[in-house]
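Let me begin by presenting the structure, written as structure tokens, before commenting on it.
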């Protein structure tokens, strides 16, 4: 049985998406895949309807892999932001033992187990006594590091220093969020240098609007909205949103008469009228039947929310929603981008 640790160098590089993508590739190889997120720091909002605290990554990967193990085994150490203990001595040993017992349970009859680390492998989640580095060595895991590219020196320092600290266990790295104008440089300079220094596989992944897009359905959840028209199109991908009406032409110009609205602009649409992926009506006031009819005729989801326009925009701009099964399109795009750059599954094979 093989253990693979997915670590993050910080800055939200796409650790959850990478874990999901790796799980999909391993399942595609016919392997029996298990998962554990040894510890998690949860916000109060992470409580389920039953009041049970759940880690969103553990719940997602459980569904992705069709796992039957309970959440307590998939994420054995779960703490709230208001309850971070001082992990020393006997407490540390008890937590380590709890994680080891959970690992034994979830690894039964598995060919490979994915271990998802903290948001930043350097510091963990405030539990220095059971940090990522301790767990990597405890489970003798190969490491996949996910890095958010900003500058060469930051990426090189992060990946090489961690590989040294982890005694050469970093076998594969994903350099994510590379701006298009930097891709050639990263591919021809940074990637070869890292391979020369001992990393078996390094993949640069460019920024892509699909990976940052929201679905209309996600927008509805974020603003506590109510769908008034075309629920069948709530899967539309939204790249951005605006309060202005300049994108409304032809029959949609009727919405210029509606003051309290936010236009959701779709992803990669060429036709101006079709760039509108949805429209939010704010303030809780229902539209006229004429407005509803136009939305239906143009296959545009119309969403009603009780909050005012600026409150709604603030929610949308600050939102960082967790991945859900509805975001499978992002995994497909992520793997497509990797395949375009490598043409092989070397980044996966290097971990096995």
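Please treat every number below as a calculation from the coordinates, not as lab data. For clarity, every value in this text was computed on a predicted model and none was experimentally measured. Positions of Cβ are backbone-derived with ideal geometry, glycine not excepted, and every protein chain shown enters the neighbour counts.
When the chain is treated as a GNM, springs tying every alpha-carbon pair under 10 Å, which of 75, 230, 54 comes out with the largest mean-square fluctuation?
Result: 230 has the largest fluctuation of those listed.
Taking each pair of different alpha-carbon atoms in the stretch 2-207 once, compute 1/r for the pair, average those values, and report the inverse of that mean as the Kirkwood hydrodynamic radius in Å to one decimal. Let's see the in-between values first.
Numbers: mean 1/r = 0.0569 Å⁻¹.
Every distinct Cα pair counted, the radius reaches 17.6 Å.
Kirkwood Rh and Cα-based Rg: tell me the resulting Rg over Rh for the stretch 126-212, rounded to two decimals. Intermediate values should be presented prior to the final figure.
Values: Rg = 13.9 Å, Rh = 13.7 Å.
When Rh is taken as the Kirkwood radius, the ratio is 1.01.
Among 278, 117, 168, which one shows the highest mean-square fluctuation when the chain is modelled as a Gaussian network with alpha-carbon springs under 10 Å?
Per the Cα network of the chain with a 10 Å cutoff, 168 tops the list.
What is the ratio of the Cα radius of gyration of the stretch 218-272 to 2.2 N^0.38 Å, with N the residue count, to two decimals? Mind showing how you got there, number by number?
On the way: Rg = 11.8 Å, N = 55, 2.2 N^0.38 = 10.1 Å.
My calculation over the Cα atoms of the stretch 218-272 gives 1.17.
Calculate how steeply helix 56-65 sits against the longest principal axis of the alpha-carbon atoms of the chain, using the helix alpha-carbon long axis, and give the answer as 0 to 90 degrees to the nearest 10.
Here the helix axis deviates by roughly 80 degrees.
Along each of the three principal axes of the Cα atoms of the stretch 240-352, give the extent in whole Å, ordering the values from largest to smallest.
Principal extents (Cα only, largest first): 59, 29, 21 Å.
Which of 276, 134, 258 moves most in a GNM of the chain, Cα contacts under 10 Å?
The residue with the greatest mean-square fluctuation here is 258.
Based on the Cβ-Cβ distance of residue 167 and residue 249, what FRET efficiency does E = 1/(1 + (r/R0)^6) give at R0 = 45 Å, to the nearest 0.05? Don't jump to the answer; show the numbers that get you there.
Values: r = 61 Å, r/R0 = 1.36.
Computed FRET efficiency for residue 167 and residue 249 comes out at 0.15.
At 7 Å along the Cα-to-beta-carbon direction for both residue 288 and residue 193, put a label point, then send me their distance in nm to one decimal.
Here the answer is 6.3 nm between the modelled labels.
When you have a sec, figure out the Kirkwood radius of the chain from all distinct Cα pair distances and drop it here in Å to one decimal? If you can, show how the numbers build up before the last one.
Working: mean 1/r = 0.0452 Å⁻¹.
Result for the chain, one decimal place: 22.1 Å.
Give me the Å³ per residue figure for the convex hull around the C-alpha atoms of the stretch 168-288. Kindly include the intermediate steps, with their values, before the conclusion.
Working: hull volume 17.6 nm³, N = 121.
Normalising the Cα hull of the stretch 168-288 by residue number yields 145 Å³.
Looking at the chain only, what percent of DSSP beta bridges run antiparallel? Nearest 5 please. Walk me through the intermediate numbers first.
Details: 15 of 47 bridges.
Bridges in the chain that DSSP calls antiparallel: roughly 30 percent.
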